[in-house]
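The values are calculated or read from the model by the stated rules, or taken from the named source; none is laboratory data. Fair warning: this is a prediction, and the values are worked out from it, not measured in the lab. We place every Cβ from the backbone using ideal geometry, glycine too, and count neighbours over all the protein chains shown. Note: accessible area is taken over every heavy atom of the protein model, side chains too, but ligands, DNA and RNA are not part of it. Shrake-Rupley method; radii C 1.70, N 1.55, O 1.52, S 1.80 Å.
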Amino acid sequence: MPYSKVITLEQYIVDQQSMYKDAQGSLSKIFRALELAAKMVNRDVRKAGLADVLGSHGTSNIQGEEQKKLDVIANNMFISSLARSGEVCMIISEENEDIFFVDGADSEKYIVAIDPLDGSSNIDVNASIGSIFSIYQRKKNQLSPCLVDCLQKGKHQVAAGYFIYGSSTMLVYTTGLGVNGFTLDDSIQEFCLSHPTIQIPADGKIFSLNEGNQDEFSQGVKDYIDFCKAKDKESSRPYSARYIGSLIADFHRNLLKGGIFIYPATFSAPNGKLRLLYECNAMAFLIEQAGGLASSGEGRILDIIPTELHQRTPLFIGSKNMVEKALSMLNTDQASETLA
Ligand code: P6P
């Protein structure tokens, strides 16, 4: 691409800003903060094998999950960068049990929910990982920043996206005007527009879920897996099974190629594993903006009313026709269970 055609993230945001009549540049300051933190995380991820950033931090997060050194480093980078933006009053993080209230920012109107480094079990084995963010505005009627501001439905997000540290480092985000992808050009350290107006194919040939949990799946999920594996030339089945164990990497591949990602409820985890506020809501906003669907199996992800910061939800997300097919088999399953 000739450099005269290069559109940097900064230029793109300024161009978009001109479309909002009351834009004061607040969102662009938050994006600059996210971009800075991601560049620093990217620097550490790229040298992980050489610097002392691999392995366990020796602590656990609120989820009871072992924290890797890079989990903690990434969390500190995103929180400090967002706090310095001057636009954010509260930060919710997978790595923090409670809300992070930004000192002296009670009058700021933005809230950011982050998973600073998703897929961290893949860090030490050089598989793609990423950072997820979700941005809300405070509710007008709250006197000072509080939990109620953070428990908003996903459909009220003003922006959401992820950074993926893979064969290249990318930012994929939406503000409700479609989904765009930017690739980091290391030579100029700028995220440059590389995937404009991303749309997920309505059909795909990839299904992504951890079949190791098969015995714990509902009958409907098992039936859908069998459907994906059945030989049917006309509908390009069997589909290919692709599962990296890193939500962002699995999501990103399916977003570009078409496919379905499923992390369902299991008997031991009836709400599934993935977190609503800083994983599923962001992915759901992106996928709907790209023409796909995101469901808990019982309803639209973006309509879920959160009750806790770290609550989980089952997730069926991806190509519209594939998600609809999976849900139709779940509903059959639920119908059969209610009949039983
Ligand atoms: P499992 C990573 O820990 C993560 O939160 C997601 O990135 C990923 O999709 C999922 O968990 C993998 O979970 O149970 O299949 O290892």
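A single member of 217, 207 is hydrophobic (A, V, I, L, M, F, W, C) and touching a residue at least 60 places away in the same chain (Cβ under 8 Å), and it is 207.
Can you tell me which residue is farthest from residue 128 (Cα to Cα) among those in the range 162-193 that are of a type in the set (Gly, Ala, Ser) and open to solvent by less than 50 Å² (accessible area, probe 1.4 Å)? Selected residue: 176.
Check whether at least one residue in the range 296-307 is within 16 Å of the ligand (Cβ to nearest atom), more than 22 Å from residue 328 (Cβ to Cβ) and touching a strand residue (DSSP E or B) at 6+ places or on another chain (Cβ under 7 Å), and report yes or no. No, the range 296-307 contains no residue that is within 16 Å of the ligand (Cβ to nearest atom), more than 22 Å from residue 328 (Cβ to Cβ) and touching a strand residue (DSSP E or B) at 6+ places or on another chain (Cβ under 7 Å). Considering (1) out of contact with any helix residue (DSSP H, G or I) (no Cβ under 6 Å at 6 or more places or on another chain); (2) open to solvent by less than 10 Å² (accessible area, probe 1.4 Å), the lone condition that residue 251 does not fulfil carries the number (1).
Annotation note: of 302, 309, the sole residue that is surrounded by fewer than 21 Cβ atoms within 10 Å (Cβ to Cβ) and over 24 Å from residue 195 (Cα atoms) is 302. Being over 16 Å from the mean Cα position of the chain (by Cα) and at positive phi holds for only one residue in 318, 297, and it is 297.
Taken over the range 254-284, the residue count meeting the criterion of being open to solvent by less than 20 Å² (accessible area, probe 1.4 Å) and either outside any loop (DSSP other than H, G, I, E, B) or within 14 Å of the ligand (Cβ to nearest atom) (or both) is 20. Inspect the range 105-122 for any residue being open to solvent by 70 Å² or more (accessible area, probe 1.4 Å) and hydroxyl-bearing (Ser, Thr, Tyr) and give the result as yes or no. Yes: the range 105-122 contains one or more residues that are open to solvent by 70 Å² or more (accessible area, probe 1.4 Å) and hydroxyl-bearing (Ser, Thr, Tyr). Evaluation of residue 291 against the conditions (1) within 13 Å of the ligand (Cβ to nearest atom); (2) surrounded by fewer than 24 Cβ atoms within 10 Å (Cβ to Cβ) shows that the sole unmet condition is (1).
Of all residues in the range 121-159, those being part of a helix (DSSP H, G or I), in contact with a Leu (Cβ under 8 Å, 6 or more places away or on another chain) and under 22 Å from residue 300 (Cα atoms) number 3. If I ask for residues that are among the aliphatic types (A, V, I, L, M), away from the ligand (no atom under 16 Å from the Cβ) and either surrounded by 15 or more Cβ atoms within 10 Å (Cβ to Cβ) or under 18 Å from residue 281 (Cβ atoms) (or both), which ones from the range 123-155 would you list? Matches in the range 123-155: 135, 147, 148, 151.
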